[in-house]
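*Asks:* If you scroll down you'll find the structure; I have some questions about it.
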Amino acid sequence: MRQSYAGYEITTEFSEAAEHTTHGIESFVEWRMDSFDWLDRALETDPDCVFASMVKGLLLVTARSQNFAPVILECIDHGESRKEELGEQERIYLKALKAMSEFQIFEALEAYESLLRFYPRDLMATRFLQAELFWMGESRWMHRVMKNLEPDWKPEMFQGSYFYADYSFAHEETGSYEIAEKFGRMAVEMDPSNVWAAHAVAHVMEMQNRSNEGVEWLSSLSKNWNEKNQIVHHAWWHRCLFHLERGESQEVMELLSLEVRNPDSLRVKQFPDAYVDLQNTASLLMRMELAGIEVGENWSEFVPLAESRMEDYTNPFTSIHALIIFAKSGLHDKAKSLILNMLAFTDLDHGPLGSTYRQVVIPLAEAFMAYVEERPEQVLEKLVPVRFILYRMGGSHAQRDLFWQLICRSALQLEERSLLKQLNSEIQDFGFSMLEKRKSYKGVF
Ligand SMILES: [Fe+2]
């Protein structure tokens, strides 16, 4: 029997199971912490509710950890065992889940796009599609998707705020800052707890070097985020960037231990090795060092997070941050082992992930090792040729800016004036304004 809830056709005999599944989906769309609780409740009510299993599997895929692979496979097996009973929508979700479990990302993207052609207001498919395109660095594609979907949306529609948050972020990453800010602010007005919309506007402020507004914007909204998931840590990371730019190192230090990565927080307890925490902490400590702030012992605290990524290739952007933590903690052998592991992975994986590791992450990792070993010539040798394909490892312009800072600092050390002039113009092309006034580029431009 099929139950219809909020645009989802769910195969189950129990309306309660379908209801719990849609609550799980709504929670995911709204970046809340209780998505898995609802999905588990759906499966307790009806262990045959395959859609709940598939949503769970897909949520675990977005969590990007090899540790979840066994549960993801169980979710797939569950779907396969009852495939004949499923509706078309459920079958396409199953196809996406299988594709993602094998890193066949383009197949999954096609599955999400076909779901959205069938039902353009499927916010779960929209979010999965945005997430996968983000990790592929495909911001133009993401932008196109949102433009395709926009005619089917109106602000007053259920969870409209969350569509406009996705719409805002896609515009921000493609440099349409005015539209991004307008729709991001609108989404926050519609739902002040919409942390993804707040985050999109913070990105605009980061690109335009509006640090004072950034601090004010995020601090005024953070009280609404109590029920939200790990994305809150990343929003605090953005706030730290604004404080860094204002030269407020004490605030950054406090926020790092209280908000960006606090082992006592519920979010950290729920997912102790969340990839976003690893990225936020490695990136923030590195930026603090570049700003001349002594962080010394702080690095070693995050080594366990990096260790969980020694043989995990689910997310290239996370791997490079794990390497940063090893290298900056003085664990050069571990960092070099990680590079060897990544190399071995490229022999095994001939899909998009293997290619990203081979073409981007490994040269970047070698450049970073050269940076910590004070070999600026090799930093440039490795990093300059790949600078325009760094986007392939995913992340945002704001996150990848760290690697442009490393190129610039190495060029400065070598007094490569003509390269610096070129870099200045290239960084501005990505949308970063007021480079000469930024503390993050102090002494460089
Ligand atoms: Fe961000």
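*Asks:* Scanning for something surrounded by 15 or more Cβ atoms within 10 Å (Cβ to Cβ), farther than 21 Å from PHE14 by Cα and of a type outside the set (A, V, I, L, M), does region 68-79 turn up at least one residue?
*Replies:* yes
*Asks:* Sticking with this structure for a sec: Going through ARG400, ARG358, ARG387 one at a time, which residue ends up being part of a helix (DSSP H, G or I), more than 16 Å from the ligand (Cβ to nearest atom), within 29 Å of ILE231 (Cβ to Cβ) and among the charged types (D, E, K, R)?
*Replies:* Being part of a helix (DSSP H, G or I), more than 16 Å from the ligand (Cβ to nearest atom), within 29 Å of ILE231 (Cβ to Cβ) and among the charged types (D, E, K, R) holds for just one of ARG400, ARG358, ARG387, which is ARG387.
*Asks:* Can you pull out every residue in region 270-289 that is assigned to a helix (DSSP H, G or I) and at pLDDT below 95?
*Replies:* Listed by number, the list holds a single entry, GLN270.
One line per residue, one yes/no per condition, for (1) touching a Phe, Trp or Tyr at 6+ places or on another chain (Cβ under 9 Å); (2) at positive phi; (3) of a type in the set (Phe, Trp, Tyr); (4) in the same structural domain as ASP333 (by TED's automatic domain parsing):
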{"position": "PHE368", "(1), (2), (3), (4)": "yes, no, yes, yes"}
{"position": "VAL372", "(1), (2), (3), (4)": "no, no, no, yes"}
{"position": "GLU381", "(1), (2), (3), (4)": "no, no, no, yes"}
{"position": "ILE389", "(1), (2), (3), (4)": "no, no, no, yes"}
{"position": "GLU416", "(1), (2), (3), (4)": "no, no, no, yes"}
{"position": "ASN424", "(1), (2), (3), (4)": "yes, no, no, yes"}
{"position": "LEU435", "(1), (2), (3), (4)": "yes, no, no, yes"}
{"position": "LYS439", "(1), (2), (3), (4)": "no, no, no, yes"}
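*Asks:* State whether one or more residues within region 208-222 are closer than 19 Å to PHE169 by Cα, more than 14 Å from the ligand (Cβ to nearest atom), free of Cβ contacts under 8 Å to residues at least 60 places away in the same chain and not in a helix (DSSP H, G or I).
*Replies:* So far as region 208-222 goes, yes, one or more of its residues are closer than 19 Å to PHE169 by Cα, more than 14 Å from the ligand (Cβ to nearest atom), free of Cβ contacts under 8 Å to residues at least 60 places away in the same chain and not in a helix (DSSP H, G or I).
*Asks:* Identify the single condition in (1) under 16 Å from ALA282 (Cβ atoms); (2) out of contact with any Phe, Trp or Tyr (no Cβ under 6 Å at 6 or more places or on another chain) that ASN341 does not satisfy, given that it satisfies every other one.
*Replies:* Failed condition: (1).
*Asks:* Moving to a separate point now. If you scan region 223-238, which residues turn out to be surrounded by fewer than 22 Cβ atoms within 10 Å (Cβ to Cβ), within 15 Å of the ligand (Cβ to nearest atom) and in a loop (DSSP other than H, G, I, E, B)?
*Replies:* If the condition is that a residue be surrounded by fewer than 22 Cβ atoms within 10 Å (Cβ to Cβ), within 15 Å of the ligand (Cβ to nearest atom) and in a loop (DSSP other than H, G, I, E, B), then TRP225, GLN230 are the ones that fit.
*Asks:* Is it the case that some residue within region 241-250 is free of Cβ contacts under 8 Å to residues at least 60 places away in the same chain, out of contact with any Gly (no Cβ under 8 Å at 6 or more places or on another chain) and within 15 Å of the ligand (Cβ to nearest atom)?
*Replies:* Within region 241-250, not a single residue is free of Cβ contacts under 8 Å to residues at least 60 places away in the same chain, out of contact with any Gly (no Cβ under 8 Å at 6 or more places or on another chain) and within 15 Å of the ligand (Cβ to nearest atom).
*Asks:* Of all residues in region 245-269, which are part of a helix (DSSP H, G or I) and among the small types (Gly, Ala, Ser)?
*Replies:* Within region 245-269, SER249, SER257 qualify.
*Asks:* Would you mention how many residues in region 407-445 are surrounded by fewer than 21 Cβ atoms within 10 Å (Cβ to Cβ) and in a helix (DSSP H, G or I)?
*Replies:* Within region 407-445, residues that are surrounded by fewer than 21 Cβ atoms within 10 Å (Cβ to Cβ) and in a helix (DSSP H, G or I) number 19.
*Asks:* Can you tell me which of LYS83, LYS95 is exposed (fewer than 15 other Cβ atoms within 10 Å of the Cβ), of a type outside the set (A, V, I, L, M) and either in the same structural domain as GLU110 (by TED's automatic domain parsing) or at pLDDT below 95 (or both)?
*Replies:* Criteria check complete, one pass: LYS83.
The values are calculated or read from the model by the stated rules, or taken from the named source; none is laboratory data. Bear in mind the structure is a predicted one, so any value in this text is a computation, not a measurement. Cβ: placed from backbone, ideal geometry, glycine included. Neighbour counts: every protein chain shown.
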